[in-house]
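Read through the structure below, which is laid out as C-alpha coordinates, and then see the notes.
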Amino acid sequence: MRHRSFYIAVVAGLVVTFASLMFTPRQAVLWGTIVFFAIYLFFSLGFFPRATAEFLDKHADQEDAPAWIIFVATIAVITSALVSLFQLVGTKDANGLELVATAAAIPLGWLTVHAMAAHHYAFEYYSAPKVAGRGKAAKTAQKDREGLQFPMADRPDGMSFLYFSYVIGMTAQVADVNVTSRDMQRLVLMHGIFSFFFNTVIVAATVNVVVSL
(Lines give C-alpha, C1' and ligand atoms only; values in the text may rest on other atoms or scores of the structure.)
Protein backbone atom coordinates (compact mmCIF):
# COMPACT_ATOMS: atom_id res chain seq x y z
CA MET A 1 0.00 0.00 0.00
CA ARG A 2 1.32 3.44 -0.90
CA HIS A 3 2.15 5.79 1.97
CA ARG A 4 1.66 2.93 4.45
CA SER A 5 3.89 4.39 7.14
CA PHE A 6 2.08 7.73 6.95
CA TYR A 7 -1.38 6.22 7.33
CA ILE A 8 -0.36 3.94 10.20
CA ALA A 9 1.19 6.91 12.00
CA VAL A 10 -1.94 9.03 11.46
CA VAL A 11 -4.26 6.35 12.85
CA ALA A 12 -2.04 5.80 15.89
CA GLY A 13 -1.79 9.54 16.49
CA LEU A 14 -5.58 9.96 16.39
CA VAL A 15 -6.11 7.06 18.80
CA VAL A 16 -3.62 8.53 21.27
CA THR A 17 -5.16 12.00 20.92
CA PHE A 18 -8.62 10.78 21.91
CA ALA A 19 -7.24 8.55 24.68
CA SER A 20 -5.20 11.44 26.09
CA LEU A 21 -8.33 13.57 26.49
CA MET A 22 -9.11 11.54 29.61
CA PHE A 23 -5.69 12.00 31.22
CA THR A 24 -4.12 15.23 29.99
CA PRO A 25 -6.73 17.15 27.97
CA ARG A 26 -4.71 20.31 27.52
CA GLN A 27 -1.93 18.33 25.79
CA ALA A 28 -4.00 15.64 24.06
CA VAL A 29 -3.28 16.93 20.56
CA LEU A 30 0.40 17.30 21.39
CA TRP A 31 0.65 13.68 22.56
CA GLY A 32 -1.13 12.48 19.42
CA THR A 33 1.28 14.49 17.31
CA ILE A 34 4.26 13.02 19.16
CA VAL A 35 3.03 9.48 18.51
CA PHE A 36 2.54 10.30 14.83
CA PHE A 37 6.09 11.65 14.64
CA ALA A 38 7.59 8.68 16.50
CA ILE A 39 5.86 5.98 14.43
CA TYR A 40 6.58 7.69 11.13
CA LEU A 41 10.24 7.99 12.10
CA PHE A 42 10.34 4.35 13.21
CA PHE A 43 9.29 3.23 9.74
CA SER A 44 11.36 5.82 7.87
CA LEU A 45 14.63 5.37 9.72
CA GLY A 46 14.24 1.63 9.33
CA PHE A 47 13.51 1.99 5.62
CA PHE A 48 16.36 4.21 4.46
CA PRO A 49 19.40 2.15 5.59
CA ARG A 50 18.00 -0.91 3.78
CA ALA A 51 16.88 0.92 0.64
CA THR A 52 19.31 0.16 -2.18
CA ALA A 53 19.39 2.18 -5.38
CA GLU A 54 17.77 -0.73 -7.23
CA PHE A 55 14.95 -0.95 -4.68
CA LEU A 56 14.27 2.79 -4.81
CA ASP A 57 14.22 2.73 -8.60
CA LYS A 58 11.30 0.29 -8.45
CA HIS A 59 9.54 1.27 -5.23
CA ALA A 60 10.31 4.92 -4.39
CA ASP A 61 6.66 5.88 -4.93
CA GLN A 62 5.43 3.47 -2.24
CA GLU A 63 6.76 5.46 0.71
CA ASP A 64 6.84 8.93 -0.81
CA ALA A 65 4.75 11.55 0.93
CA PRO A 66 2.75 13.67 -1.55
CA ALA A 67 3.38 17.40 -1.59
CA TRP A 68 0.12 18.21 0.22
CA ILE A 69 0.99 15.78 3.01
CA ILE A 70 4.42 17.39 3.42
CA PHE A 71 2.72 20.80 3.58
CA VAL A 72 0.23 19.65 6.23
CA ALA A 73 2.99 17.95 8.22
CA THR A 74 5.08 21.12 8.03
CA ILE A 75 2.24 23.20 9.46
CA ALA A 76 1.70 20.56 12.17
CA VAL A 77 5.39 20.61 13.08
CA ILE A 78 5.50 24.39 13.38
CA THR A 79 2.23 24.54 15.30
CA SER A 80 3.06 21.75 17.74
CA ALA A 81 6.53 23.15 18.38
CA LEU A 82 5.33 26.67 19.10
CA VAL A 83 2.27 25.62 21.08
CA SER A 84 4.29 23.26 23.26
CA LEU A 85 6.98 25.84 23.94
CA PHE A 86 4.68 28.73 24.79
CA GLN A 87 2.32 26.47 26.70
CA LEU A 88 5.23 25.58 28.95
CA VAL A 89 5.95 29.27 29.49
CA GLY A 90 2.34 29.99 30.45
CA THR A 91 1.94 26.98 32.75
CA LYS A 92 3.09 27.49 36.32
CA ASP A 93 2.11 24.03 37.54
CA ALA A 94 3.40 21.86 34.68
CA ASN A 95 3.99 18.27 35.75
CA GLY A 96 6.72 15.91 34.62
CA LEU A 97 4.60 14.33 31.89
CA GLU A 98 3.83 17.70 30.33
CA LEU A 99 7.49 18.65 30.41
CA VAL A 100 8.38 15.39 28.66
CA ALA A 101 5.80 16.03 25.95
CA THR A 102 7.07 19.54 25.39
CA ALA A 103 10.69 18.42 25.23
CA ALA A 104 9.91 15.54 22.84
CA ALA A 105 7.67 17.35 20.37
CA ILE A 106 10.25 19.68 18.89
CA PRO A 107 13.08 17.28 17.94
CA LEU A 108 10.64 14.59 16.80
CA GLY A 109 8.81 17.08 14.61
CA TRP A 110 12.05 18.38 13.16
CA LEU A 111 13.25 14.86 12.36
CA THR A 112 9.91 13.90 10.82
CA VAL A 113 9.56 16.72 8.34
CA HIS A 114 13.07 16.16 6.98
CA ALA A 115 12.48 12.40 6.74
CA MET A 116 9.39 13.17 4.65
CA ALA A 117 11.49 15.42 2.46
CA ALA A 118 14.05 12.63 1.99
CA HIS A 119 11.30 10.28 0.78
CA HIS A 120 10.12 12.92 -1.66
CA TYR A 121 13.61 13.58 -3.01
CA ALA A 122 14.04 9.85 -3.65
CA PHE A 123 10.71 9.72 -5.45
CA GLU A 124 11.48 12.76 -7.61
CA TYR A 125 14.92 11.40 -8.48
CA TYR A 126 13.87 7.90 -9.49
CA SER A 127 10.60 8.89 -11.17
CA ALA A 128 12.43 11.06 -13.71
CA PRO A 129 11.74 9.91 -17.30
CA LYS A 130 14.43 7.62 -18.67
CA VAL A 131 16.66 8.88 -21.49
CA ALA A 132 17.09 6.51 -24.42
CA GLY A 133 20.63 5.43 -25.26
CA ARG A 134 23.72 4.24 -23.45
CA GLY A 135 26.40 6.75 -24.41
CA LYS A 136 27.99 9.50 -22.35
CA ALA A 137 25.57 12.11 -23.69
CA ALA A 138 22.57 9.99 -22.68
CA LYS A 139 24.02 9.43 -19.22
CA THR A 140 24.60 13.17 -18.75
CA ALA A 141 21.07 13.96 -19.92
CA GLN A 142 19.66 11.39 -17.49
CA LYS A 143 21.59 12.95 -14.60
CA ASP A 144 20.16 16.34 -15.50
CA ARG A 145 16.62 14.95 -15.48
CA GLU A 146 17.07 13.20 -12.14
CA GLY A 147 17.87 16.54 -10.53
CA LEU A 148 20.58 15.59 -8.03
CA GLN A 149 24.21 14.59 -8.50
CA PHE A 150 25.82 12.87 -5.52
CA PRO A 151 29.64 12.89 -5.25
CA MET A 152 30.18 9.31 -4.06
CA ALA A 153 27.30 7.41 -5.66
CA ASP A 154 26.42 6.89 -9.30
CA ARG A 155 23.01 5.66 -8.17
CA PRO A 156 22.16 7.05 -4.70
CA ASP A 157 20.62 4.79 -2.07
CA GLY A 158 18.34 5.61 0.85
CA MET A 159 21.08 6.94 3.09
CA SER A 160 22.18 9.34 0.35
CA PHE A 161 18.75 10.99 0.29
CA LEU A 162 18.53 10.99 4.08
CA TYR A 163 21.93 12.70 4.24
CA PHE A 164 20.90 15.28 1.65
CA SER A 165 17.64 16.12 3.39
CA TYR A 166 19.07 16.45 6.90
CA VAL A 167 22.00 18.57 5.71
CA ILE A 168 19.47 21.03 4.29
CA GLY A 169 17.49 20.79 7.52
CA MET A 170 20.52 21.67 9.63
CA THR A 171 22.24 24.23 7.41
CA ALA A 172 19.64 25.40 4.83
CA GLN A 173 22.17 24.58 2.08
CA VAL A 174 22.98 21.61 -0.15
CA ALA A 175 26.65 21.04 0.78
CA ASP A 176 28.37 18.67 -1.69
CA VAL A 177 25.33 17.54 -3.72
CA ASN A 178 24.67 19.32 -7.02
CA VAL A 179 21.13 20.25 -8.05
CA THR A 180 20.70 19.77 -11.81
CA SER A 181 17.03 20.41 -12.64
CA ARG A 182 14.54 23.27 -12.25
CA ASP A 183 11.96 21.10 -10.50
CA MET A 184 14.49 19.92 -7.94
CA GLN A 185 15.70 23.50 -7.48
CA ARG A 186 12.19 24.54 -6.48
CA LEU A 187 11.91 21.71 -3.95
CA VAL A 188 15.32 22.46 -2.46
CA LEU A 189 14.54 26.18 -2.30
CA MET A 190 11.29 25.61 -0.38
CA HIS A 191 12.99 23.10 1.91
CA GLY A 192 15.88 25.48 2.62
CA ILE A 193 13.59 28.43 3.36
CA PHE A 194 11.47 26.33 5.70
CA SER A 195 14.57 25.00 7.47
CA PHE A 196 16.03 28.45 8.02
CA PHE A 197 12.88 29.95 9.50
CA PHE A 198 11.91 26.87 11.51
CA ASN A 199 15.37 26.62 13.07
CA THR A 200 15.32 30.35 13.82
CA VAL A 201 11.91 30.15 15.47
CA ILE A 202 12.98 27.15 17.57
CA VAL A 203 16.10 28.94 18.83
CA ALA A 204 14.19 32.15 19.61
CA ALA A 205 11.36 30.33 21.36
CA THR A 206 13.74 28.14 23.35
CA VAL A 207 15.63 31.21 24.59
CA ASN A 208 12.30 32.73 25.60
CA VAL A 209 11.38 29.58 27.54
CA VAL A 210 14.74 29.46 29.33
CA VAL A 211 14.49 33.12 30.32
CA SER A 212 10.94 32.63 31.59
CA LEU A 213 11.69 29.60 33.78
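For the range 16-39, indicate whether the set of residues that are of a type in the set (A, V, I, L, M, F, W, C), at pLDDT 85 or above, in contact with a Lys or Arg (Cβ under 6 Å, 6 or more places away or on another chain) and over 20 Å from Gly169 (Cβ atoms) is non-empty.
No, every residue in the range 16-39 fails to be of a type in the set (A, V, I, L, M, F, W, C), at pLDDT 85 or above, in contact with a Lys or Arg (Cβ under 6 Å, 6 or more places away or on another chain) and over 20 Å from Gly169 (Cβ atoms).
Just one of (1) over 19 Å from Leu187 (Cβ atoms); (2) at pLDDT 80 or above; (3) not aliphatic (A, V, I, L, M) trips up Glu98, so point out which.
(2)
Here is a yes/no grid of residues against (1) among the aliphatic types (A, V, I, L, M); (2) modelled with pLDDT under 70; (3) touching a Lys or Arg at 6+ places or on another chain (Cβ under 7 Å):
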site: Thr91; (1), (2), (3): no, yes, no
site: Thr112; (1), (2), (3): no, no, no
site: Ala141; (1), (2), (3): yes, yes, no
site: Leu162; (1), (2), (3): yes, no, no
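To keep it simple, each residue is scored yes or no on (1) of a type outside the set (Ser, Thr, Tyr); (2) under 17 Å from the mean Cα position of the chain (by Cα); (3) under 29 Å from Leu162 (Cα atoms).
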site	(1), (2), (3)
Val10	yes, yes, yes
Leu21	yes, no, no
Leu30	yes, no, yes
Ile39	yes, yes, yes
Phe42	yes, yes, yes
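So is Gly192 at pLDDT 75 or above and either over 23 Å from Leu82 (Cβ atoms) or buried (at least 17 other Cβ atoms within 10 Å of the Cβ) (or both) or not?
So Gly192 does not fit the description; no.
List the residue pairs whose Cβ atoms are under 9 Å apart, where the first residue sits in the range 169-189 and is assigned to a helix (DSSP H, G or I), the second is surrounded by 13 or more Cβ atoms within 10 Å (Cβ to Cβ) and of a type in the set (Lys, Arg), and the two are 6 or more positions apart or on different chains.
none
The values are calculated or read from the model by the stated rules, or taken from the named source; none is laboratory data. Being a predicted model, the structure only gives us computed values, none of them experimental. Here Cβ is always computed from backbone atoms with ideal geometry, including for glycine, and neighbour counts include all displayed protein chains.
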